[in-house]
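Notes for the one structure printed next.
The values are calculated or read from the model by the stated rules, or taken from the named source; none is laboratory data. Predicted model, so just to flag it, every value in this text is computed and none were measured. Note: ideal-geometry Cβ built from the backbone for every residue, glycine included; neighbour counts use all protein chains shown. What goes into the accessible areas is simple: the full protein's heavy atoms, side chains included, and nothing from ligands, DNA or RNA. Shrake-Rupley method; radii C 1.70, N 1.55, O 1.52, S 1.80 Å.
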Amino acid sequence: MAELKEIIISSDNIKTDEYLVNMGPQHPSTHGVLRLLVKLEGEIVHNVQPHVGYIHSGIEKMTESLSYTQIPHLTDRMDYLSAHMNNEAVVCVENALEVEVPERVKYIRTIMAELQRIASHQLWWCATGMDLGALTTFFYGLRDREDILDIFEETCGARLTLNYSLPGGVMFDIHPNFQNRVKTFIKKFKKILPEYDELLTGNVIFQERSKGIGVLSKEDAIAFGVTGPSGRASGFSCDVRKHQPYSAYPLVKFNEALGTEGDTFRRYQLRIAEMWESMSIIEQLIDNIPEGDYTAKMKGVIKLPEGEFFQRVETARGELGVYIVSDGKKNPYRVKFRSPGFSNLFAINHIAKGWKIADLVAIMATFDLVIPDIDR
Amino acid sequence: MTHEELTAYLSSRFPAAEISQGKQYVEMTVAASDLHSVAQQLKEAKEAAFDYMVCLSGVDYPDHIKVVYHLESTSLQHLLVLKVKTDGRENPVLDTLSDLWPTAEFHEREVYDLLGVKFNNHPDLRRLFLDDTWGFPLRKDYVDDVHIVSR
């Protein structure tokens, strides 16, 4: 008995050691090959060091030996869930050449981009539910995403890596069914989207795990360059579609969804709100697609004038920047992709400190990481 | 601020810098020794207020490496391209800007990893994507015998 008493008394002095845990590279919540080296004290996260590069494919190096018509095919391998928006970065080449693309192309690109945004957010929504233990969401999300992928398949033959935008226009004209199918989808999805809220948003367990968790302030969002829905949830107005509109965005009216709380729940709500906005953008354009060519007349070999060009587009994850340095040859001298996932990922250490390891999973889920986007 | 106003403001504030109107944005080239003080003023001055670092890229040239910062002001909605050349390619060193913009910490690690530019006072300058046995693949004289990436 005396020994037991001693143990009980001395337990006040017991300290938990800090220890390191590898989360990944095969952890389901990292959504790809990403390794987080997490320093823990019990369940409390003290430090998160992301280790990236498992699927670094050297895209920036490869571009230096490819032509401007070949490079867009690599861009949709970066963030494969916003493939079309990445392709749309060819606007940079068009601006550099001062080519005016036909109105029809602008409309098609914008509609496709918004469809892609909805598809990306659907996959994000279903994966977020699954990360937090709600398996049903996965079936709902994937079921509805299928409709959009079918439209893509009919339009350009591919479901995931679209390769649809090329310098000067799009690869093929839209299918005669395109407008009808998109309108049918919008009509259907407007009925389904409220079900998403019923299924997950109102769930008590989900709210307990996301409200007030992982708060990112507006100042920190700007300082860490957190863009896209994750940055806008903190109040950082960073929508490129609003601030530097390209394609058909100057022609449409839409709200930039903004939050102030910056917590996990707000980041979640913001993406749901973006799906509504995307549907409204598509509705404004789908009936007014002007007749005309689906591509501008381009030379067989594209040579950019000497100089430096920078273009930003809004993908489903945030701001994609393309910086091209040209020396007047048919290959670029240097291409840099500022990928949204890269900047967003490295804010995680700042956010996750002090929260539990289960909260880290929730925070990662609402940051919507796509690993090839980070590694490039 | 419009491009003209920004150019006028910058040339009065930084007479030593080389300022030009690029094809899209105002561009400013500063000496490597002035980089940190110029960047700090750009961030803190009320008229400039560049609080958001959009992009940080490195470009390899035959006799130097250029590091390019795209800076934006979220309150005033203007964008500046800040450029700095390193002194040669053998041992290129620049000051870190990660104390001003935390996002620069990781972009600088990427530039170090792929181009071999070292950053003074960087909190954690390690390779990012590749391991230590690799060369610096984004340099133009990089030869890879195994994975043929250039023709």
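Shielding of A:325-337 by partners, i.e. mean partner chain Cβ atoms within 10 Å per residue?
3
Determine the shape class of segment A:220-376: with a ≥ b ≥ c the square roots of the Cα gyration tensor eigenvalues, call it rounded for a/c under 1.5, and otherwise prolate if a/b is greater than b/c, oblate otherwise.
Working: a/c = 2.68, a/b = 1.39, b/c = 1.92.
Judged from the Cα gyration tensor, segment A:220-376 comes out oblate (a/c at least 1.5, b/c at or above a/b).
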Exercise for review: Give the interface area between chains A and B as buried accessible surface, both sides summed, probe 1.4 Å, in Å² to the nearest 100.
Suggested key: 3600
Exercise for review: Grab the Cα-Cα distance for A:GLU100 and A:LYS297, subtract it from 0.36 nm times how many residues apart they are, and report the gain in nm with one decimal.
Suggested key: 69.9 nm
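Nearest 20 debye, what's the magnitude of the dipole of chain B about its Cα centre given +1 on Lys and Arg Cβ and -1 on Asp and Glu Cβ?
Result for chain B is approximately 240 debye, rounded to the nearest 20.
Taking all protein chains in place and a 1.4 Å probe, what share, in percent, of the accessible surface of the protein assembly as shown do carbon and sulfur account for?
Working: 11240 of 21550 Å².
Of all accessible area on the protein assembly as shown, carbon and sulfur atoms account for 52 percent.
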Practice item. Classify the protein assembly as shown as rounded, prolate or oblate, taking a ≥ b ≥ c as the square roots of the eigenvalues of its Cα gyration tensor: rounded when a/c is under 1.5, otherwise prolate if a/b is larger than b/c and oblate if not. Key: oblate
Revision key, fill the gap. Two pseudo-spin positions, 7 Å from Cα along C-beta at A:ILE192 and at A:SER57, lie apart in nanometres by 2.8
Check your understanding: Antiparallel DSSP bridges in segment B:3-120: what percent, to the nearest 5?
Key -> 70
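Give the peptides A:159-167, A:18-26, A:251-259 in descending order of average Cβ contacts within 10 Å, highest first. Intermediate results must be reported in sequence, preceding the final value.
On the way: A:159-167: 21.1, A:18-26: 13.9, A:251-259: 15.6.
Listed from highest to lowest mean packing, they are A:159-167, A:251-259, A:18-26.
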Exercise for review: With springs connecting C-alpha atoms under 10 Å apart, model chain A as a Gaussian network and identify which of A:GLY212, A:GLY318, A:GLY235 has the largest mean-square fluctuation.
Suggested key: A:GLY212
Point to revise | Average beta-carbon neighbours from other chains, 10 Å sphere, peptide B:22-30 | key: 3
Point to revise | Coil-residue GluC sites (Glu not before Pro) of segment A:306-376, DSSP, other Cβ within 10 Å capped at 13 | key: A:GLU306
Exercise for review: Among the aspartates and glutamates, select those whose C-alpha is under 20 Å from the C-alpha of A:LYS303, and discard any that sit fewer than 8 residues away in the same chain.
Suggested key: A:GLU60, A:GLU64, A:GLU88, A:GLU94, A:GLU98, A:GLU100, A:ASP327
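First measure r as the distance between the Cβ atoms of A:GLN70 and A:ASP150, then evaluate 1/(1 + (r/R0)^6) with R0 = 25 Å and state the FRET efficiency to the nearest 0.05.
Values: r = 28 Å, r/R0 = 1.11.
The formula returns an efficiency of 0.35 here.
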Review point. Using a Cα distance threshold of under 22 Å, what count of lysine pairs results for chain B when pairs must be 8 or more residues apart or interchain?
Key: 16
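Net charge near A:LEU97, counting Lys/Arg +1 and Asp/Glu -1 over other residues with Cβ under 12 Å of its Cβ? Intermediate values should be presented prior to the final figure.
Details: positive: A:LYS297, A:LYS299, A:LYS303, B:LYS23; negative: A:GLU94, A:GLU98, A:GLU100.
It works out to a net charge of +1.
Which percent, nearest 5, of DSSP beta bridges in the protein assembly as shown are antiparallel?
Details: 48 of 56 bridges.
Close to 85 percent.
Which loop-located GluC sites (Glu not before Pro) does segment A:65-160 contain, where loop means any DSSP state but H, G, I, E or B and the Cβ has at most 12 other Cβ atoms within 10 Å?
Details: sites: A:GLU88, A:GLU94, A:GLU98, A:GLU100, A:GLU103, A:GLU114, A:GLU146, A:GLU153, A:GLU154; in loops: A:GLU98, A:GLU100.
Those that pass, being in a loop and sparsely packed, are A:GLU98, A:GLU100.
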Review point. What lysines could a cross-link reach from A:LYS253, if we take a straight Cα to Cα line under 18 Å and drop same-chain neighbours fewer than 8 places away?
Key: A:LYS106, A:LYS242
Study note, to complete from the structure: Sorting A:THR295, A:LEU37, B:TYR9 by the position of each Cα along the dipole of the protein assembly as shown (Lys, Arg +1; Asp, Glu -1; all at Cβ), the one nearest the positive end of that ordering is A:THR295
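Taking the Cβ-Cβ separation of A:GLU41 and B:ARG126 as r and a Förster radius of 22 Å, what is the calculated FRET efficiency to the nearest 0.05?
On the way: r = 24 Å, r/R0 = 1.09.
The computed FRET efficiency comes out at 0.35.
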Review point. Which lysines have a Cα less than 22 Å from the Cα of A:LYS356, not counting those fewer than 8 places away in the same chain?
Key: A:LYS15, A:LYS39, A:LYS211
Review point. Rounded to the nearest 20 Debye, what is the dipole magnitude of the protein assembly as shown about its Cα centre when Lys and Arg each give +1 and Asp and Glu each give -1 at the C-beta?
Key: 840
Review point. Hey, if you put +1 on the Cβ of every Lys and Arg and -1 on every Asp and Glu Cβ in chain A, which of A:VAL252, A:ASN86, A:GLY328 ends up farthest toward the positive end of that dipole?
Key: A:GLY328
**Study point:** Shape call, segment A:196-277: gyration tensor on alpha carbons, a/c limit 1.5
**Key:** oblate
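Taking only protein heavy atoms and a 1.4 Å probe, what accessible area per residue, in Å², does segment A:2-375 have with all protein chains in place?
Values: 14460 Å² over 374 residues.
I get 39 Å² per residue for segment A:2-375.
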**Study point:** segment B:3-120 - accessible surface per residue (Å², probe 1.4 Å)
**Key:** 38
Practice item. For peptide B:73-83, compute the average count of partner chain beta-carbon atoms within 10 Å of each residue's beta-carbon. Key: 2
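For n ≥ 4 DSSP H runs only, could you compute -39500 (n - 2.57) per run for chain A, divide by its residues and tell me the 222 nm figure to the nearest 500? Display every interim value, and only then the final one.
Working: 17 runs with 171 residues, N = 376.
-13500 deg cm²/dmol, from helical runs alone.
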